[in-house]
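Single-structure report; data block below.
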Amino acid sequence: MGKYGEKAVKLHDEKYNCCQSVVLAFEEEIGVDRDTLANLSANLGGGLGYAGEVCGAVSGMAIVSGFLGGWKDPKDQESKKISYDTIKELVEEFRDENNFSRCDELREQRKAGGSTCAELMSCAADMVAKKMGLE
């Protein structure tokens with residue numbers, strides 16, 4: 001487990017949801033205050049508020065890579081492509097390692113001995129850190 005994965009797990013232990021934990025692990029690098037980041041990612045845990053959709057840890061990777069990526073100008077189509085390619089690659093890597101990227105599927109897998117939420121958050125945080133050149 002890398003530095004960012006450890007941070008994400010500690011934040012989850014403080015009762016932040018999966019998305020918040022991944023995002024807040026990068027608070028210093030993102031440069032936005034904790035309350036704002038926590039509010040921004042509040043409803044993305046549990047696969048969008050327990051709806052079972054995209055895993056909160058995966059949503060956290062999207063937020064982190066978006067903040068740390070270079071796409072800011074909506075007219076800059078090259079940066080947009082790079083940004084989209086980055087999160088697509090991260091999601092594919094997450095799926096390759098964990099079989100799924102949907103919360104409901106990951107929960108079912110966990111019942112059969114699959115990864116815990118802490119392990120998934122650690123995985124996601126470390127993946128995005130590496131992809132963004134932080135580890």
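Observations on the model:
- Ellipticity estimate at 222 nm from DSSP helix runs (n ≥ 4, -39,500 (n - 2.57)) divided over the chain, nearest 500: -20000 deg cm²/dmol
- As a length-normalised measure over Cα pairs under 8 Å and 6 or more apart, the relative contact order of the chain settles at 33 percent.
- Shown is the FRET efficiency for Lys111 and Lys10, computed with R0 = 25 Å from the Cβ-Cβ distance and rounded to the nearest 0.05: 0.50.
- Compared with the alpha-carbon gap, the fully stretched path from Glu97 to Glu78 is longer by 4.0 nm at 0.36 nm per residue.
- Ser122 contributes about 10 Å² of solvent-accessible surface, heavy atoms of the protein only, 1.4 Å probe.
- Solvent-accessible area per residue, Å², over segment 48-131 with all protein chains present [probe radius 1.4 Å]: 56 Å²
- Sorting Cys18, Cys117 by accessible area puts them as Cys117, Cys18; the probe is 1.4 Å, largest comes first, and only protein heavy atoms count.
- Tensor-based shape of segment 28-90 (alpha-carbon gyration tensor, a/c under 1.5 rounded, otherwise prolate or oblate): oblate
- Accessible surface of Thr116, taken over heavy atoms with a 1.4 Å probe and every protein chain present, rounds to 60 Å².
- Length gained on full extension, Arg34 to Leu48, computed as 0.36 nm times the residue gap minus the Cα-Cα distance: 3.0 nm.
- For the chain, carbon and sulfur atoms together expose 50% of the accessible surface, with a 1.4 angstrom probe and every protein chain in place.
- Pairwise FRET efficiency - Asp104 versus Glu135, Cβ, R0 = 30 Å, nearest 0.05: 0.50
- Folded to 0 to 90 degrees: helix 56-68 orientation relative to the chain principal axis, Cα: 20 degrees
- Protein-only accessible surface order, largest first, of Val23, Val32 at 1.4 Å: Val32, Val23
- Remark: the Cα gyration tensor places the chain in the prolate category, a/c being 1.5 or greater and a/b exceeding b/c.
- Checked against a 24 Å cut-off, the cross-linked pairs Lys10/Lys131; Lys81/Lys130; Lys81/Lys131; Lys15/Lys88 give Cα-Cα distances beyond that limit for Lys15/Lys88.
The values are calculated or read from the model by the stated rules, or taken from the named source; none is laboratory data. What you see is a predicted model; the values in this text were computed from it and never measured. Methodologically, a virtual Cβ is constructed for each residue, glycine included, from the backbone with ideal geometry; neighbour enumeration extends over all protein chains shown. Heavy atoms of the whole protein, side chains included, go into the accessibility calculation; ligands, DNA and RNA do not. Shrake-Rupley method; radii C 1.70, N 1.55, O 1.52, S 1.80 Å.
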